[in-house]
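Worksheet: the structure to be examined is printed underneath.
The values are calculated or read from the model by the stated rules, or taken from the named source; none is laboratory data. In this text, all values refer to a predicted model and were calculated from it rather than measured experimentally. Cβ placement follows ideal geometry from the backbone for every residue including glycine, while neighbour counts extend to all protein chains displayed.
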Amino acid sequence: MHAARLGLGDQAFQGMRTMLQKYQNYPNGMTNNTNGVFEYLGVHLTAMNESLLQSYNDKIRVFPAAPTDASFVGRFTLLAKDGFLVSSEREAGETKYVGLRSQYGKTARVVNPWGGQEVRVRRTSDNAVLTTTSAAEISFATAANTVYVVERTAKPLSTYATSTLTGTANQGEKSLSGTASTLGLGGAGGGGLVNDTMLTYDANWHHTTTRGYGDHNDDTHHSTTVGSAASYTFTGTGVEYLSERFSDMGNVDVYLDNVFQANVNLNIAGARQAQQVVFRKTGLANGSHTIRIVNKTTSVGMVDALRILTGGTPATGAVALRAQANGRYVSATSAGAGNLVASAASVGSSEQFEQIDLGGGTIALRARVNNQIVCAENAGANPLIANRASAGSWETFALVRNTDGSVSLRATVNNRYVVAENGGAEALVANRDAIGPWEKFDLITL
C-alpha cells in the first residue's frame, strides 16, 4: 500500500503477489493464518485500488502505480473522492483516456496522466470541449449525472478500436498466474483446469511452490517413492494430465476408473519443459470418473494440473487456420521454433492448434507440434511464434467472427489484428487497426 502511494508500481505488484502466495490459502480468499484473517484481504484490496486510482488531496490520479511491464493491461471503474466514478484503460505502457461520471456536480481535478502533452476535456452528451491545456493538472466544473472524458488532443478516445463484449459470468476457478493462489472452486469436479493442490495424494508426495519454471500456478506435487499415487474424481467426458518433463524424472502409470491406460515417460534430455500434456483421454461417457496417477520409479514423478473436458467435444479443440490472403494454412514453422506463417498447402502436425477458451470472447492457441502457446512477441511488435508455456496478455486474442463466416484475431496486448503479412508471404504479426482480406482466416475444426 505504501509502495502504491509512492508510485512504485513494480514493488506494489510484487507485494500483492507475495501477499496472495503467503496468505490466500483457501479458495474463498481466506487464510489459515490466525493473526488477522480479514486484515490480509483488506490490505490487498486497498493496495490494488491505490495502484489503479488515487484521489487524496482532492486530485484524481489514474494508474499512479502501474507495473512497468509492457504486457500489463489494466481497466477499471472506481469511485473517487467527491462522488466521481472514474474509468480508465492502460495497455502496452499507454493510458488511453480518463472518464468521469460526476454524481454530485463537484469541481474535478485530474492529474495529467500524459505529463506535458496537450489534453482536452470533452462532455460526452454533446461532445462539447470544455477546456484544452498542457498543464500538469486539469480542473473543470461538472454537472451532476454528467459524463466527461479527459483525452489527448493528438490521440483522442475515438482513435482507438472498440468492441462490444457479451458473455456469461465466469463461475470457474480463478488463479493468479505464476502462483498457487486460486479463488473459487469452479463447480464440483466439473470442466476446466484443476490445480495439483486439488488432488488427493498418498504419503510421500511433496508440494513445491514458486518454482519459476512456468508451471500452472507456479507449483507442483512430486514423489520419488515407487507406488505413491495421486487421484482426482471429476465429472466430464475426458481429461488431460499436465506435468513437467526433465532429465531427472521417471515414469508414471495412469488409470481411469481403476483401468490401466498408459505408462507415461516424463524423462527427456535437454531443457526442462513445463505444462506438458503428457496424457489425454477423450470420449468417456458423460459422468463421474476417477483418474489415478502412480509413480513407478525412484526418479521424480510429478503432477502439475489436470484439464477436465466436458460436453460432446473436448474443452480444448483442435483447429487449423487457413489464411484468406493466399488460401494456405497457418504453420508453426520449424516444428514451432520459427514464426507462424500461412505457407502450408495441407494440414500436418505443424498446422494443428488447440483452441483454449479464456472467457469473455478471448482464446489462446497451443501449437500441437511443440505444445507451446502462440505469443504476440514483444507486445505485438514482433511476429507470432509458439514459444510460451502459459497464456498471459501477449498470448490472449479476441476471436472476432466476421459476417462472411471467417474469423479474425485481435491481440489484447496491443489491440491490433493479426495479419498474414504481404499476402501471406511473410510471418503473421498483430499490427493492423482494421480487418481486410489479409486479416481474415477460415477456422477449421479438425
Go through the stretch 91-127 and count every residue that is in contact with a Gly (Cβ under 7 Å, 6 or more places away or on another chain) and either loosely packed, with under 13 Cβ neighbours inside 10 Å or within 27 Å of residue 380 (Cα to Cα) (or both).
1
Mind checking whether some residue in the stretch 345-356 is in a helix (DSSP H, G or I), in contact with a strand residue (DSSP E or B) (Cβ under 6 Å, 6 or more places away or on another chain), outside the structural domain of residue 284 (by TED's automatic domain parsing) and of a type outside the set (Asp, Glu)?
yes
Hey, residue 262 among the small types (Gly, Ala, Ser), assigned by TED's automatic domain parsing to the domain that holds residue 240 and at pLDDT below 95 or not
yes
Name the single residue, out of those in the stretch 184-213 being at pLDDT 70 or above and in a strand (DSSP E or B), that is nearest to residue 14 (Cα to Cα).
208
Could you please give the count of residues in the stretch 60-83 that are aromatic (Phe, Trp, Tyr) and touching a residue at least 40 places away in the same chain (Cβ under 8 Å)?
2
Against the conditions (1) farther than 22 Å from residue 164 by Cα; (2) surrounded by 22 or more Cβ atoms within 10 Å (Cβ to Cβ); (3) without any contact (Cβ under 8 Å) to a residue 40 or more places away in the chain, where does residue 421 fall short? Just the number, please.
(2)
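Given the structure, is residue 427 buried (at least 18 other Cβ atoms within 10 Å of the Cβ), in contact with a Pro (Cβ under 8 Å, 6 or more places away or on another chain) and touching a residue at least 12 places away in the same chain (Cβ under 8 Å)?
Working: buried (at least 18 other Cβ atoms within 10 Å of the Cβ): yes; in contact with a Pro (Cβ under 8 Å, 6 or more places away or on another chain): yes; touching a residue at least 12 places away in the same chain (Cβ under 8 Å): yes.
In short, yes.
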Take residues that are free of Cβ contacts under 8 Å to residues at least 24 places away in the same chain and either assigned by TED's automatic domain parsing to the domain that holds residue 100 or not hydrophobic (A, V, I, L, M, F, W, C) (or both) and tell me which of the strands (runs of 3 or more DSSP E) falling wholly in the stretch 113-152 contain 3 or more.
128-133
Where the second residue is hydrophobic (A, V, I, L, M, F, W, C) and in a loop (DSSP other than H, G, I, E, B) and the first is within 8 Å of residue 429 (Cα to Cα) and lies in the stretch 368-387, which pairs have Cβ atoms under 9 Å and are six or more apart or on separate chains?
376/413; 380/92; 380/413; 382/427; 383/427; 384/427
Among the listed residues 277, 252, 239, 294, identify the single one that is over 26 Å from residue 392 (Cα atoms), assigned to a strand (DSSP E or B) and touching a Lys or Arg at 6+ places or on another chain (Cβ under 9 Å).
252
Against the condition aliphatic (A, V, I, L, M), within 23 Å of residue 434 (Cα to Cα) and either outside any helix (DSSP H, G or I) or at pLDDT 90 or above (or both), how does residue 369 come out, does it pass?
no
Can you say whether residue 327 is surrounded by fewer than 22 Cβ atoms within 10 Å (Cβ to Cβ), touching a Leu at 6+ places or on another chain (Cβ under 9 Å) and at pLDDT below 95, as far as the supplied structure shows?
no
Quick count over the stretch 265-299, residues being of a type in the set (Val, Ile, Thr), over 29 Å from the mean Cα position of the chain (by Cα) and surrounded by 12 or more Cβ atoms within 10 Å (Cβ to Cβ), is 2
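Give me a count of the residues in the stretch 226-250 that are surrounded by fewer than 17 Cβ atoms within 10 Å (Cβ to Cβ) and of a type outside the set (Val, Ile, Thr).
4
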